[in-house]
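J.: Take a look at this one; I'll ask things after.
The values are calculated or read from the model by the stated rules, or taken from the named source; none is laboratory data. What you see is a predicted model; the values in this text were computed from it and never measured. All Cβ positions, glycine included, derive from the backbone under ideal geometry; neighbour counts span all protein chains shown. Heavy atoms of the whole protein, side chains included, go into the accessibility calculation; ligands, DNA and RNA do not. Shrake-Rupley method; radii C 1.70, N 1.55, O 1.52, S 1.80 Å.
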Amino acid sequence: MINLNNVSFSYGDKKILENFNLKVEAGERICLFGESGKGKTTVLRLILGLEIPNSGNAVIEGKASVVFQENRLLPFETVLGNIRTVKGDEEKARKLLEKFGLSDYAEKYPRSLSGGMKRRVAIIRALCSDFDFLILDEPFAGLDKENIELAAQIINEYSKDKAIILVTHSEWEASLLGAKIVNI
């Protein structure tokens, strides 16, 4: 599914990864863990094909769905419209909005949502996509403990048998998703 083999990557003269290896199979959950600037998001960008390794190879099979560090909601689309951008099932979208306590906001625009609400919409959008693996880059940023636990429960429910690659600075968040820590 995901295989990074002896991957090295630099931004100009700044070496980010050197001979990095990562293999993730269907249903496996891993958390890329380490200090800021060590290459966690770069690994995600390599997996998504947004960056090309300087050496080594990246073999990715299957479709990804992503929750980026930023919510990336379209300001001119309603909440439901933002979710529909992934061509997801509207019934599933409405069910997820209800589970996240956002049913009343389906026809509202992102500007009327709090930061935490926008974050939950970004998670819903990712879960409504047809995916083989889920990329989560700091997915719980801006959420309180109760909403983190709820989001993790829902992600687990809707991602059964799917691979998850998580970036977070919290071992607790990794444990909520059952992710094995991979130090970078």
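J.: Within the stretch 45-58, does at least one residue satisfy the condition of being farther than 16 Å from PRO139 by Cα, assigned to a strand (DSSP E or B) and modelled with pLDDT under 95? Talk me through it step by step, then tell me what you get.
T.: Kept after step one, since they are farther than 16 Å from PRO139 by Cα, are these residues of the stretch 45-58: 46-58.
Imposing the further condition that a residue be assigned to a strand (DSSP E or B) reduces the set to 55-58.
Then keep just the ones that are modelled with pLDDT under 95; that gives 57-58.
Yes, the stretch 45-58 contains a residue that is farther than 16 Å from PRO139 by Cα, assigned to a strand (DSSP E or B) and modelled with pLDDT under 95.
J.: Continuing with this model, one more query. What's the total number of residues in the stretch 1-42 that are assigned to a loop (DSSP other than H, G, I, E, B) and hydrophobic (A, V, I, L, M, F, W, C)? Give the derivation first.
T.: Of all residues in the stretch 1-42, those assigned to a loop (DSSP other than H, G, I, E, B) come to 1, 12-13, 25-28, 34-39.
Next, only the ones that are hydrophobic (A, V, I, L, M, F, W, C) stay: 1, 26.
Selection size over the stretch 1-42: 2.
J.: Here's another thing I want to ask about it. So which residues in the stretch 131-184 are of a type in the set (Gly, Ala, Ser) and closer than 15 Å to SER65 by Cα, if there are any at all?
T.: Step one: filter the stretch 131-184 for residues of a type in the set (Gly, Ala, Ser), giving 141-142, 151-152, 159, 163, 170, 174-175, 178-179.
Within the stretch 131-184, SER159, ALA163 meet the criteria.
J.: Within the stretch 138-158, track down each residue that is open to solvent by 10 Å² or more (accessible area, probe 1.4 Å) and under 17 Å from SER36 (Cβ atoms).
T.: From the stretch 138-158, those open to solvent by 10 Å² or more (accessible area, probe 1.4 Å) are 138, 141-150, 153, 156-158; that's our starting set.
If the condition is that a residue be open to solvent by 10 Å² or more (accessible area, probe 1.4 Å) and under 17 Å from SER36 (Cβ atoms), then GLU138, ALA141 are the ones that fit.
J.: In the stretch 159-175, what residues are open to solvent by less than 60 Å² (accessible area, probe 1.4 Å) and farther than 20 Å from ILE2 by Cα?
T.: Restricting attention to the stretch 159-175, the residues satisfying the condition of being open to solvent by less than 60 Å² (accessible area, probe 1.4 Å) are 159, 162-168, 170, 173-174.
Once the filter is applied, which keeps residues that are open to solvent by less than 60 Å² (accessible area, probe 1.4 Å) and farther than 20 Å from ILE2 by Cα, the stretch 159-175 yields SER170, GLU173.
J.: State all residues of the stretch 104-118 that are out of contact with any Gly (no Cβ under 7 Å at 6 or more places or on another chain) and open to solvent by 30 Å² or more (accessible area, probe 1.4 Å); if no residue qualifies, say none. I'd like the intermediate steps shown before the answer.
T.: Of the residues in the stretch 104-118, the ones out of contact with any Gly (no Cβ under 7 Å at 6 or more places or on another chain) are 104-114, 117-118.
Answer for the stretch 104-118, where residues must be out of contact with any Gly (no Cβ under 7 Å at 6 or more places or on another chain) and open to solvent by 30 Å² or more (accessible area, probe 1.4 Å): ASP104, TYR105, GLU107, LYS108, TYR109, ARG111, SER112, SER114, LYS118.
J.: So the check is Cβ under 8 Å with 6+ separation or different chains; which pairs have a first residue in the stretch 136-165 that's under 20 Å from ILE47 (Cα atoms) and a second one that's among the aromatic types (Phe, Trp, Tyr) and open to solvent by less than 30 Å² (accessible area, probe 1.4 Å)?
T.: LYS162/PHE131; LYS162/PHE133; ALA163/PHE133; ILE164/PHE133; ILE165/PHE133
J.: Of the residues LYS40, LYS15, LYS23, which is basic (Lys, Arg) and surrounded by 13 or more Cβ atoms within 10 Å (Cβ to Cβ)? Steps first, please.
T.: Details: LYS15 fails: surrounded by 13 or more Cβ atoms within 10 Å (Cβ to Cβ); LYS23 fails: surrounded by 13 or more Cβ atoms within 10 Å (Cβ to Cβ).
Being basic (Lys, Arg) and surrounded by 13 or more Cβ atoms within 10 Å (Cβ to Cβ) holds for just one of LYS40, LYS15, LYS23, which is LYS40.
J.: In this structure, is SER65 open to solvent by less than 80 Å² (accessible area, probe 1.4 Å), touching a Ser or Thr at 6+ places or on another chain (Cβ under 8 Å), polar (S, T, N, Q) and farther than 19 Å from PRO139 by Cβ? Break it down stepwise before answering.
T.: On the way: open to solvent by less than 80 Å² (accessible area, probe 1.4 Å): yes; touching a Ser or Thr at 6+ places or on another chain (Cβ under 8 Å): yes; polar (S, T, N, Q): yes; farther than 19 Å from PRO139 by Cβ: no.
Judged against the criteria, SER65 is not a match.
J.: Here is a follow-up. Within 21 Å of PHE33 (Cα to Cα), open to solvent by less than 40 Å² (accessible area, probe 1.4 Å) and of a type outside the set (Asp, Glu): is that true of VAL121 in this structure? Reasoning before the result, please.
T.: Values: within 21 Å of PHE33 (Cα to Cα): no; open to solvent by less than 40 Å² (accessible area, probe 1.4 Å): yes; of a type outside the set (Asp, Glu): yes.
The answer is no for VAL121.
J.: Any residue at all in the stretch 73-85 that is open to solvent by less than 10 Å² (accessible area, probe 1.4 Å), part of a helix (DSSP H, G or I) and closer than 21 Å to LYS162 by Cβ?
T.: Among the residues of the stretch 73-85, at least one is open to solvent by less than 10 Å² (accessible area, probe 1.4 Å), part of a helix (DSSP H, G or I) and closer than 21 Å to LYS162 by Cβ, which makes the answer yes.
J.: For the stretch 48-63, enumerate the residues that are out of contact with any Phe, Trp or Tyr (no Cβ under 8 Å at 6 or more places or on another chain) and touching a residue at least 24 places away in the same chain (Cβ under 8 Å).
T.: Those that are out of contact with any Phe, Trp or Tyr (no Cβ under 8 Å at 6 or more places or on another chain) and touching a residue at least 24 places away in the same chain (Cβ under 8 Å): LEU48, SER55, ASN57, ALA58, VAL59, ILE60, GLU61.
J.: Using beta carbons and a limit of 7 Å, which pairs, at least six apart or on different chains, have the first residue in the stretch 1-21 and in contact (Cβ under 8 Å) with a residue 12 or more places away in the chain and within 24 Å of SER65 (Cβ to Cβ) and the second one of a type in the set (Ser, Thr, Tyr) and part of a strand (DSSP E or B)?
T.: Listed pairs, sorted by first residue: LEU17/SER8.
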